[in-house]
1. Hey, residue 170 hits all of (1) assigned to a strand (DSSP E or B); (2) at pLDDT below 95 but one; which does it fall short on?
2. For the condition more than 28 Å from residue 129 (Cα to Cα) and crowded, with 20+ Cβ neighbours inside 10 Å, what is the one hit in 166, 209, 233?
3. What residue, of 179, 218, is under 12 Å from the mean Cα position of the chain (by Cα), within 23 Å of residue 233 (Cβ to Cβ) and in a helix (DSSP H, G or I)?
4. Taking the conditions exactly as written (part of a helix (DSSP H, G or I) and either in contact with a helix residue (DSSP H, G or I) (Cβ under 8 Å, 6 or more places away or on another chain) or not polar (S, T, N, Q) (or both)), does residue 252 satisfy them or not?
5. Does region 119-135 include one or more residues that are crowded, with 16+ Cβ neighbours inside 10 Å, at pLDDT 85 or above, among the charged types (D, E, K, R) and not in a loop (DSSP other than H, G, I, E, B)?
6. Cβ-Cβ distance below 7 Å, separation of 6 or more or different chains: which pairs start in region 53-75 with a residue that is touching a residue at least 24 places away in the same chain (Cβ under 8 Å) and end on one that is charged (D, E, K, R)?
Amino acid sequence: MRTRPLPLRPRTLAALTTLALAALTTLALAALVVLALLLGLPCAPGSALAQETAPTTLAVLPFENNAVTDHQAYGPLAQGLAAMLITDLKLAGTSLKVIERAQIAALLKEIALGQSGMLDAGTAVQAGRLLGAQAIAFGSFMVLGNDVRLDARIIKVETSECILGASITGKKDDFMKLERQLAEKIAASLKTTLAPPPSGPAARGGMDAALLYSRALEALDKGDRAEAERLFAETVAADPAYRRQVDGVLGALR
């Protein structure tokens, strides 16, 4: 003899409905997380993804200016920080090939991205393909009072895989040290190491000289070679720590 199932009480039915809605909400949130990852949210800071073969050609794109303090004044640093990283990575002395800054600037101008142009992952990958790079590095910097934060990502052009997401924080007076730390993280993610910094007279490596250096690059990009050389000389006079960076840019022009 078959028995009829007992009818659910209103309270029981309401409880089951609530549980079902909660389960659906959890699934929806999980789906959104997966979708966000597929759309290319930044890597977890400080983590590098394992790779069988590291890219051997890198393009370092201009950084986005997120300065809260004197935002406009720090605009030239978008190019300056990228140029400093290019110089350090080019001197790694390994098989890593770093694309010249002038080549990158010409391409970004062609695709209508100015010095302060915002780069998302898709645009960065497109630029990397056009440059013939296997990986691209891009990011942003923030200045708030005396505090500085540098953020960078490296994406593998062929697969859009995020190889590295890194954040460096510190003080304006230690700007070159912060840039060096970021360069070391980038180099490590590409399975290479930086050349040791040159020995020489004590120098500060602060952000004021970095801005002079960046303004010199800005003048160079505008075709004013005389003004660029004047600002480069002023940079080295203000802080000898930037001599290698200046020599790196001028050497590429010869």
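1. (2)
2. Answer to the selection: 209.
3. Matching residue, one of 179, 218: 179.
4. yes
5. no
6. Final answer for the pair search is 54/191; 55/156; 56/97; 57/97.
The rows are residues; the columns are (1) out of contact with any strand residue (DSSP E or B) (no Cβ under 9 Å at 6 or more places or on another chain); (2) under 21 Å from residue 64 (Cβ atoms); (3) touching a residue at least 12 places away in the same chain (Cβ under 8 Å).
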site: 170; (1), (2), (3): no, yes, yes
site: 175; (1), (2), (3): no, yes, yes
site: 178; (1), (2), (3): no, yes, yes
site: 181; (1), (2), (3): no, yes, yes
site: 191; (1), (2), (3): yes, no, yes
site: 194; (1), (2), (3): yes, no, yes
site: 207; (1), (2), (3): no, yes, yes
site: 218; (1), (2), (3): yes, yes, yes
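The values are calculated or read from the model by the stated rules, or taken from the named source; none is laboratory data. Because the structure is a prediction, the values reported are computed rather than measured. We place every Cβ from the backbone using ideal geometry, glycine too, and count neighbours over all the protein chains shown.
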